[in-house]
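Please treat every number below as a calculation from the coordinates, not as lab data. Only a predicted model underlies this, so the values are computations on that prediction, with no experimental measurement involved. Ideal geometry is used to build each Cβ from the backbone, glycine not excepted, and the neighbour counts take in all protein chains shown.
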């Protein structure tokens, strides 16, 4: 009986420790490892424009995407860095966001640099109608990291 | 002839001013959860926001861009509560209720109310938000602080975590827009 109580106590303590570890595990601020998709940026945006948002978003949202492209503009906001990539389509914007904790690697990127990035895809947004102030087709990517 | 030319230029100038739009793709929204057991916040620096000189206001918030400190909270928020695969964006579209005293070309701070429609988690709801427009040279900062109730948007918080995740969430908006285009 005593032995059983000790075993149950050890299991309970281990359970609490594992639970606390999982609960307090910090978020990932950048996408690393093998990506879910490795894409050509032009094909990626073309797919997002041509197919319904819902289908595109079901496929890519929350998934890691690796792509190459040219940085067009780099902006800083509250420590985080946002890089707008050059696209060959009008009214199409690709935004790659770097978390403040990895902004150092983003700051080394200059406008006009060719870069390979891996990010988490947050989806595509399209204007609802011609009166929409948000008139661009925007592809949002976050938790980006520069691939060496 | 000179008079006609002058009037034409004046009319075109007025038309341009009338249709000026200020935009950003790097707006900031923070949400703060204060429950009986836990307080935490998440930050989003990828908010698209726009305001026109006519007083039309729009926001688009990519849900997955919210960054939490804890991984478990982030995945629960994205997958279980907001179902971001199905509803990747939250949007707000509205108009400043009294645009008479607001001049987006004149530096100053303007307290405004914006009436519009929130669209989040597949639910559309009318609301009026109070906020401030801070106008400086070529920029308009949109600042607001308000609360939303999760159950209004069919966001279900499981009973097991209801002591940690509040039904009412505070939202702070801070979006610095710049002149974008003339529509």
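Annotations
- Taking all Cα-Cα distances within the range A:37-146, those exceeding 18 Å account for 46%.
- For chain A: relative contact order, % (alpha-carbon pairs under 8 angstrom, 6 or more apart): 25
- Antiparallel DSSP beta bridges within chain A, as percent of all bridges there, nearest 5: 75
- Inverse mean reciprocal Cα-Cα distance (Kirkwood Rh) of the protein assembly as shown, Å: 21.6
- Test item: A:20-32 mean partner chain Cβ contacts at 10 Å: 3
- Acute angle (nearest 10 degrees) that the helix B:2-18 long axis makes with the longest principal axis of chain B, alpha-carbon atoms: 10
- Between the range A:1-78 and the range B:146-183, the Cα center-to-center distance that results, in Å: 22
- Neighbour-count ranking [beta-carbon atoms within 10 angstrom, fewest first] of A:61, B:143, A:124: B:143, A:61, A:124
- Each of B:51, B:32 was scored by other Cβ atoms within 10 Å of its Cβ. Listed from fewest to most, they are B:32, B:51.
- Across all C-alpha atoms in the range B:88-131, the radius of gyration and Dmax reach 12.9, 38 Å.
- The value for the range B:17-96 of Rg(Cα) / (2.2 N^0.38 Å) is 1.30.
- Helical contribution to [θ] at 222 nm, DSSP H n ≥ 4, -39,500 (n - 2.57), averaged over chain A, rounded to 500: -9500 deg cm²/dmol
- 10 Å Cβ neighbours from other chains, averaged over peptide B:63-72: 6
- Proxy reagent accessibility, fewest Cβ within 10 Å first, across B:133, A:14, A:134, B:72: A:14, B:72, A:134, B:133
- Relative contact order (percent, whole number), chain B, Cα cutoff 8 Å, 6+ residue spacing: 25
- In chain B, the DSSP-assigned H stretches of four residues or longer account for a calculated mean residue ellipticity at 222 nm of -3500 deg cm²/dmol, using -39500 (n - 2.57) per stretch and the full residue count as denominator.
- Sorted largest first, extent of the range B:21-182 alpha carbons per principal axis (Å): 51, 28, 24
- The eigenvalues of the Cα gyration tensor, multiplied by 5 and square-rooted, give the range A:56-98 an equivalent ellipsoid with semi-axes of 19, 16, 10 Å from largest to smallest.
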